[in-house]
Amino acid sequence: MTGAGTLERPPLVSISLVSASALAYEILLMRLFSIIQWHHFAYMIISLALLGYGASGTFIALARPWLLAHYPLAYRINLALFGLSAIACYLAAQQVPLNAEEILWDWHQPLYLLAVYLLLALPFLFAATAVALTLTRYRQAIARVYAADLLGAGLGSLGIILLLFAVFPGTVLKLLGALGLLASLVAARELQGRRARGQVATLLAALLLLALPVAWLAPQPSPYKELSQILRIGGTRVIEERSSPLGVISVLESARVPLRHAPGLSLHSSAPLPEQLGLFTDAGGMTAINHNPQGQALAYLDDLTTALPYYLADPQRVLVLGAGAGADVQQALNHGVTQIDAVELNPQLIELVRQDHGDWAGNLYDHPAVRVHRGEARGFVRHSRATYDLIQIALLDAFGASSSGLHALNESYLYTVEALQDYLARVAPGGYLAISRWIKLPPRDTLKLVASAVAALKASGITTPGERLALIRGWQTSTLLVKNGVFTSDELARLQDFCRTRAFDTAWYPGMPADAANRVNIFEQPYFYQAAAALTGAEGAAFMDRYKFDITPATDDRPYFFHFFKWEALPEILALRGQGGLPLLEAGYLVLVATLLQAVILSAVLILLPLLVLRGRREWQATSVRSVQVVVYFFAIGLAFLFVEIAFIQKFILFLHHPLYAVAIVLTAFLLFAGAGSAWTARRDAHPRLARYATVGAVSGIALFGLLYLLLLDPVFAALLHLPVVLRILVSIALIAPLAFFMGMPFPLGLARVATERPALVPWAWGINGCASVLSAVLATLLAIQFGFSAVIIAALLLYALAALSLH
Amino acid sequence: MSNPARLISLIMGATCLCAGAAAYADDPFAAARQDMIREIEADVKRTSLQLDKEVLDPRVMQALATVPRHALVPESLQDVAYRNRPLPIGHGQTISQPYIVAIMTDLLKVAPDSKVLEVGTGSGYQAAILAELVEQVYTIEIIEALGTRARGHLEALGYENITVRIGDGYYGWEEQAPFDGIVVTAAASHIPPPLIEQLKNGGRMIVPVGSRFMVQQLVLVKKDSQGKVTTRQILPVRFVPLTGEH
């Protein structure tokens, strides 16, 4: 039966379609579950659901003869099932009463979690089965099938990001479901021509999916998310929603009870709060647009720790990074600043404040003193040649997210040592860089910020960083000032006065007596003062070492500012579980570790199962290629491919200065050029002997470009930084092309070899590769947190070398 | 159960009987409540460094041993009502972990003649505990369904010294101000300054910070006899971030 298939054309169009939908579905689920749950749980759920790829290999390995005998039908059914289950499984998963917050209180919760990711694994299982079945069936055309798979995935990753700008996630879900069914229809044409049965039913099902009311598919946020909570209050309603890949923004109006969003407000404040519209991102992270139609000064903004720099000097040129709903811009206007540059990443947010609610906000963003810039903070500063009397970085993340370690896994280039150096280079002599953070108990990010500022100042040649730093805190927020110069006694007197009148504490200023610390908002010990004194002094390194959270500065290579977890503290914290010590855990990192452990166990089962069940069969008897070689080869290249992809996405974020552009461009370019690389091997995979050398050649190419980029990417980026964005995108694509081209080769070359010598193992090899990809994404982050992204690339190159050796 | 433990529980059971309002002679939850008390006592001991004491005020512990927590949770959760953990009570709200309620109440240092304000009634459990200890409790709930339910439950339990109001707690309860103690359990982006105004000189306010299921810290606001305001930030667990001497 397989013999006849070798002459037929594989169904390349439907393969591309299903691969595009499956990759798009993966990114979409991440969006949907970030709205329903919290980001880190979304990450865990989707990572594990992707094991559906690995499971497809196991499934086909076990049911190969039957599936191959009924290939056209089995293929089409899997495509259709992908389309249907993409929607059905998501809806079913929404019904599971998973409450991530309760996971360590309630033993049902881990079971619910398991149910959710088993459900979500199904669509991936169907999509991957379709692809793997085709690879198994058309084993003379492996390279072309794999190329179609990669090309489809590349288009899917680009398509979903564009689509998420255009429509809401619920609508995207419908489209992807229908696309799965469309793939099945196309497959019928490709494989059976007009005679294929069930086409009408498939078409009707697709139309039915498209007709589903969007309200059914809209994600229902957990009742414990901020937006759900506030909507319980009578008179509140969402008046507007905007969706983009950066998140769904909901605008909330509260008719009866005023919103009063003023985090960090002084306990002594008597200033009235204006009416507000609430802004929520993915049903959390509340900020507010102030009602200020006359554009008056809003006094409450002067009762926040962030107002400090305006009381020490009279800044005239101010840069607000992360302008959001505009409170920090208004604060500058309060003080008569005449030149304010406001940078905001999310264009929809700017639009809401400027246009939709422009009158409400008193046309804040059209004020003659204000220039709003759409873009990423770091990129703006790097491209700017202006200098400022004050650069203000306010509280960009919500307290809830910050305090539960939600951001631990997020790369952030905003607070790295290099970033602080970039900012300081734009601060005029005598001016300040002001950064505010939430206060956590025990202190974490404020201290990491101080350590980072000290490192940045030292890197700029300042030997006494303590003279240029001042730190104040309320009970809820802290503000760190880094001055371009030494603080004067006049400034310090004003600082103390500012704190005294607002019930804030001074935590550090040059020459601060120890007994001036910890006076109004009292901790068990003067933690902030102790830390600042140590970090600015000679024993900073020892202090960081001794501290039970990781407060060593983040760098561009290890951009994990929000990672505070230290293994040493784990036993102590776990012992406090019953008393509610879990917030100390900084859950993000442990979620990552938990994901890895689960993925390792499940992968081992999926990989070993066919081996145990089928090893007696004749076609599973080892020939020139041993099973262990297959495992090592496909595991290594599975790990390595994503290592490289993930690490380079990070490297290019710093060049393209926009996380979204970087992800979309790097991912798409990698997949498309890898697809081209795979297609290029098509002509060679007929000659297995040549294939061996081709693998070595491909790995040499990867190693060459990998090492070259490791050494040269930073200087090249630095030299080309000032190019316009379109040219930087083209440069990025040109840089990715050759590396990705070579990276597309090892998989089809290896699989072609397996297909020739041990055809029964083809689906198994695919499954191994699928499992490795899941592990890879998680491992890459763990490695990057510990050792940095350069180390991830080196690890990938070593894995490629191992692969080449294993099958040589 | 060991003999001394049984003895204690007998004595405590007797206390419950005498406590009146909320006690039942044949209370099927009495044993569970005693277990909860023991757990809280153990937790307090472990956290003595942070709390600055080995045991909580016996009156507070007695209140916890008296209030029928099971009567304030949804029926389906009654058999786990006395576990030392927060429980969901619907409307996206929770009934707090008993240990946290215990230390919050203790930190308030109320007297029998105190007048206490609570912002965020929720299940009504905290109000009931306070009602066992003070003369009058005023409590405000913003979510109507929740406030109505809590009022019904508290009335059924016979608490006559609790007044439940449904509305916005930001401006406190002007007519009854000032208060000896204020508990702010409703999430707020900041501590409302009007509530600080309504705190008596020498009064204390307690604000738990964190999420519904995990309290990260307790903020204790103190107003001294001169009206000067300070806060203390308390970790409800024994954890010192620095190791060794500094």
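The values are calculated or read from the model by the stated rules, or taken from the named source; none is laboratory data. Quick caveat, the model's predicted, so the values are computed rather than measured. Neighbour counts are summed over all protein chains in view; Cβ atoms, including those assigned to glycine, are modelled from backbone coordinates with ideal geometry. Keep in mind that these areas ignore ligands, DNA and RNA; they rest on the heavy atoms of the full protein, side chains included. Shrake-Rupley method; radii C 1.70, N 1.55, O 1.52, S 1.80 Å.
Details
- Hey, A:Ala361 crowded, with 24+ Cβ neighbours inside 10 Å, away from chain B (no Cβ under 14 Å), small (Gly, Ala, Ser) and over 30 Å from A:Thr488 (Cα atoms) or not: yes
- The strands (runs of 3 or more DSSP E) falling completely within region B:27-146 that include 2 or more residues that are closer than 24 Å to B:Ile234 by Cα and either polar (S, T, N, Q) or touching a residue at least 60 places away in the same chain (Cβ under 8 Å) (or both) map to B:93-95, B:115-119.
- One residue stands out in region A:105-117 among those that are surrounded by fewer than 16 Cβ atoms within 10 Å (Cβ to Cβ) and among the aliphatic types (A, V, I, L, M): the one that is nearest to A:Ile15 (Cα to Cα), namely A:Leu114.
- Screening B:Ser225 against (1) within 10 Å of chain A (Cβ to nearest Cβ); (2) in contact with a strand residue (DSSP E or B) (Cβ under 8 Å, 6 or more places away or on another chain); (3) not in a strand (DSSP E or B) leaves a single unmet condition, (1).
- Residue match in region A:11-23 (condition: surrounded by fewer than 21 Cβ atoms within 10 Å (Cβ to Cβ), within 33 Å of the chain's Cα centre (by Cα) and not hydroxyl-bearing (Ser, Thr, Tyr)): yes
- Selection from region A:535-546 of residues that are surrounded by 15 or more Cβ atoms within 10 Å (Cβ to Cβ) and either aliphatic (A, V, I, L, M) or in the same structural domain as A:Ala784 (by TED's automatic domain parsing) (or both): A:Leu535, A:Met544
- Qualifying residues in region B:84-103 (those that are of a type in the set (A, V, I, L, M) and within 12 Å of chain A (Cβ to nearest Cβ)) - the one surrounded by the fewest Cβ atoms within 10 Å (Cβ to Cβ): B:Ile89
- Scanning region B:135-147 for residues that are more than 12 Å from chain A (Cβ to nearest Cβ) and open to solvent by 10 Å² or more (accessible area, probe 1.4 Å) gives B:Glu135, B:Gln136, B:Tyr138.
- Condition met for A:Phe549 (farther than 14 Å from A:Pro442 by Cα and either modelled with pLDDT of 95 or more or open to solvent by less than 40 Å² (accessible area, probe 1.4 Å) (or both)): no
- Residue selected from region A:237-272 under the condition open to solvent by less than 20 Å² (accessible area, probe 1.4 Å) and among the hydroxyl-bearing types (Ser, Thr, Tyr), by the criterion farthest from the other protein chains (Cβ to nearest Cβ): A:Ser244
- If you filter region A:138-150 down to residues that are touching a Ser or Thr at 6+ places or on another chain (Cβ under 7 Å) and crowded, with 24+ Cβ neighbours inside 10 Å, you find that the one that is nearest to A:Leu660 (Cα to Cα) is A:Leu150.
- Residue pairs meeting the criteria (Cβ under 7 Å; at least 6 apart or on separate chains; first β-branched (Val, Ile, Thr), in region A:165-185; second open to solvent by 40 Å² or more (accessible area, probe 1.4 Å)): A:Thr171/A:Val214; A:Val172/A:Leu163
- Selection status of A:Ile230, under 29 Å from A:Trp360 (Cα atoms) and more than 14 Å from every other protein chain (Cβ to nearest Cβ): no
- Of everything listed in (1) away from every other protein chain (no Cβ under 14 Å); (2) under 25 Å from A:Ala218 (Cβ atoms); (3) surrounded by fewer than 23 Cβ atoms within 10 Å (Cβ to Cβ), the single unmet condition for A:Gln294 is (2).
- Residue match in region B:58-75 (condition: over 21 Å from B:Leu146 (Cα atoms), within 11 Å of chain A (Cβ to nearest Cβ) and open to solvent by less than 20 Å² (accessible area, probe 1.4 Å)): no
- Filter result for the condition that a residue is among the charged types (D, E, K, R) and open to solvent by less than 20 Å² (accessible area, probe 1.4 Å), over A:Arg382, A:Arg378: A:Arg378
- On the stretch given as region B:191-219, residues that are more than 7 Å from every other protein chain (Cβ to nearest Cβ), assigned to a strand (DSSP E or B) and either surrounded by 20 or more Cβ atoms within 10 Å (Cβ to Cβ) or among the polar types (S, T, N, Q) (or both) total 10.
- Filter pass, A:Thr488 being hydroxyl-bearing (Ser, Thr, Tyr) and without any contact (Cβ under 8 Å) to a residue 40 or more places away in the chain: yes
- All helices (runs of 4 or more DSSP H) inside region A:467-553 with 1 or more residues being under 36 Å from the mean Cα position of the chain (by Cα) and within 11 Å of chain B (Cβ to nearest Cβ): A:527-536, A:540-546
- Among the residues of region A:299-327, the one identified as open to solvent by 20 Å² or more (accessible area, probe 1.4 Å) and within 17 Å of A:Asn363 (Cβ to Cβ) is A:Ala327.
- Residue that is farthest from A:Val381 (Cα to Cα) [pool: residues in region A:429-450 that are assigned to a strand (DSSP E or B) and open to solvent by 10 Å² or more (accessible area, probe 1.4 Å)]: A:Trp438
- Pairs where the first residue, in region A:318-343, is over 24 Å from A:Leu277 (Cβ atoms) and the second is open to solvent by less than 10 Å² (accessible area, probe 1.4 Å) and among the charged types (D, E, K, R), C-beta under 6 Å, 6+ apart: A:Leu319/A:Asp341
- Scanning region A:562-571 for residues that are at the interface with chain B (Cβ under 9 Å from one of its Cβ atoms) and open to solvent by 70 Å² or more (accessible area, probe 1.4 Å) yields one hit, A:Glu568.
Residues are listed down the side, and each one gets a yes or a no for (1) part of a helix (DSSP H, G or I); (2) open to solvent by 10 Å² or more (accessible area, probe 1.4 Å); (3) at pLDDT below 95:
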| residue | (1), (2), (3) |
| --- | --- |
| A:Ala703 | yes, yes, no |
| A:His722 | no, yes, yes |
| A:Ile729 | yes, yes, yes |
| A:Ile768 | yes, no, no |
